[in-house]
1. Please verify whether Pro162 is assigned to a loop (DSSP other than H, G, I, E, B), without any contact (Cβ under 8 Å) to a residue 40 or more places away in the chain and more than 20 Å from Asn21 (Cβ to Cβ), treating the condition exactly as stated.
2. So which residues in segment 1-53 are modelled with pLDDT under 80, within 20 Å of Pro75 (Cα to Cα) and under 16 Å from the mean Cα position of the chain (by Cα)?
3. Quick check on His167: is it out of contact with any Ser or Thr (no Cβ under 7 Å at 6 or more places or on another chain), modelled with pLDDT under 60 and not in a strand (DSSP E or B)?
4. Among the residues of segment 128-155 satisfying the criterion of being assigned to a helix (DSSP H, G or I) and in contact with a helix residue (DSSP H, G or I) (Cβ under 8 Å, 6 or more places away or on another chain), which is surrounded by the most Cβ atoms within 10 Å (Cβ to Cβ)?
5. What number of residues within segment 63-95 satisfy the criterion of being touching a helix residue (DSSP H, G or I) at 6+ places or on another chain (Cβ under 7 Å), free of Cβ contacts under 8 Å to residues at least 60 places away in the same chain and farther than 23 Å from Gln151 by Cα?
6. State the number of residues belonging to segment 54-108 that are in contact with a Lys or Arg (Cβ under 7 Å, 6 or more places away or on another chain), among the charged types (D, E, K, R) and assigned to a strand (DSSP E or B).
7. Only residues that are among the small types (Gly, Ala, Ser) and touching a Gly at 6+ places or on another chain (Cβ under 8 Å): list them for segment 139-170, please.
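The values are calculated or read from the model by the stated rules, or taken from the named source; none is laboratory data. Note that the structure is predicted; figures quoted are calculated from it, not measured. Reconstructed Cβ throughout: ideal geometry from the backbone, glycine too, with neighbour counts over all protein chains shown.
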Amino acid sequence: MGFPEPMDMLSHPDTKLRRVNWSEDLDTVRRLLQDYRKWLSDHVETGGPTDSVLPAGLRQVDEEIAGLPGVYGPPHGEIILAFDPEGLAACGAFRELEPRVGEIKRVYVRADHRGPGFGPRLTRALLDRASELGFRRVRVDTLPTMVAAIQFYQEMGFKPIPAYWSHPVPGALFFEYHLAKSRPAHLRPRAAKSKRSGK
């Protein structure tokens with residue numbers, strides 16, 4: 001199932017977003033999460049503050065890959081995939097933390113899709129899906145080095161919150177987004193136009 005998107009949010013308009021189909025996409029998701037794992041490993045500078053905790057983080061990703069769909073499966077999880085004419089371009093995952101509270105995880109965007117526009121577009125699709133599943137709040141954590149992600153989370157309306165888990169990386173940041181009880185405007189049916197003259 002694809003996502004209707006307003007034109008002012010379209011970045012890479014030839015890239016289409018859809019929900020995962022586990023009966024068909026399991027190997028695809030596994031492959032992209034393996035790419036995410038490699039990116040995560042390469043992203044941390046040797047000897048940096050996160051270097052000592054990286055193996056634990058990679059083990060967690062390995063466990064998720066081995067156990068797919070796991071927490072990202074129904075009824076309370078989801079993965080959104082992005083495809084362009086060349087193939088798989090990005091993914092983002094969503095899981096339940098507690099009743100009515102979810103968490104965005106494993107957002108990975110292929111290098112040629114990074115930059116202004118596409119990250120918020122993928123995040124918006126995850127928020128819309130969380131709303132459809134009945135969640136009221138969505139949390140996310142990120143590293144202090146992820147400047148672009150921090151900026152677009154704040155621009156989208158995520159608010160800083162205290163740590164909701166014992167993150168092993170010093171300085172990790174935590175955000176929360178409050179979902180409206182109604183469906184997002186671009187998913188609501190359009191009102192029928194009046195047939196009166198001049199309306």
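1. The answer is yes for Pro162.
2. Listed by number, the residues that qualify are Gly2, Phe3.
3. no
4. Out of the qualifying residues, it is Tyr153.
5. Count: 8.
6. Result for segment 54-108: 4.
7. Ala148, Ala149, listed by residue number.
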